[in-house]
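Novice: Okay, handing you the structure first.
Rule-based calculations on the coordinates, nothing more; no lab input. The structure displayed is predicted, hence computed values, not measured ones. Note: ideal-geometry Cβ built from the backbone for every residue, glycine included; neighbour counts use all protein chains shown.
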Amino acid sequence: MPLYWFHCRACGGFDLAFAMADVPAAAPCPDCASSSKRQFGVAALIRPGSAATRLIDATERTASEPSVVAAPPRRPVPVTRNPLHRKLPRP
């Protein structure tokens, strides 16, 4: 079922799911039970499976499911032949 966006003047916006044939023009707010009008927005015109969609999904997923790392990545130590670099402080 699609989600429809309603706006309560006191509490703000909220989403409700209705069948397309049963969508009311107004619905009660879940917080204060006042009548809230249905709002119309822009349709999502993103192709599923596109690079942008995959990037957005991956970004949203890392907010709630961060990847687990066992150890920091190993990076090779750069070797320099410049004698002035020997005078720099070492970590």
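Novice: Using the charge dipole of the chain (Lys, Arg: +1 at Cβ; Asp, Glu: -1 at Cβ; taken about the Cα centre), state which of Val79, Ala52, Leu16 has its Cα farthest towards the positive end.
Specialist: Positive-end residue among those listed: Val79.
Novice: Continuing with the same structure: Could you line up His7, His85 from fewest to most neighbouring Cβ atoms inside 10 Å?
Specialist: His85, His7
Novice: Pick out which of Pro72, Pro24, Pro48 has the largest mean-square fluctuation in a Gaussian network model of the chain, springs linking Cα atoms closer than 10 Å.
Specialist: Pro72
Novice: Rounding to the nearest 20 debye, state how big the charge dipole of the chain is about its Cα centre with +1 on each Lys and Arg Cβ and -1 on each Asp and Glu Cβ.
Specialist: Rounded to the nearest 20 debye, it is 1120 debye.
Novice: List the longest stretch of the chain that has no exposed loop site; here a site is one of the trypsin sites (Lys or Arg not before Pro) assigned by DSSP to anything other than H, G, I, E or B, with at most 12 other Cβ within 10 Å.
Specialist: By the stated rule (loop sites, at most 12 other Cβ atoms within 10 Å), 10-73.
Novice: Over the chain, with a Gaussian network built from C-alpha contacts below 10 Å, which listed residue (Ala17, Ala71, Ala52) shows the highest mean-square fluctuation?
Specialist: Top of the fluctuation ranking is Ala71.
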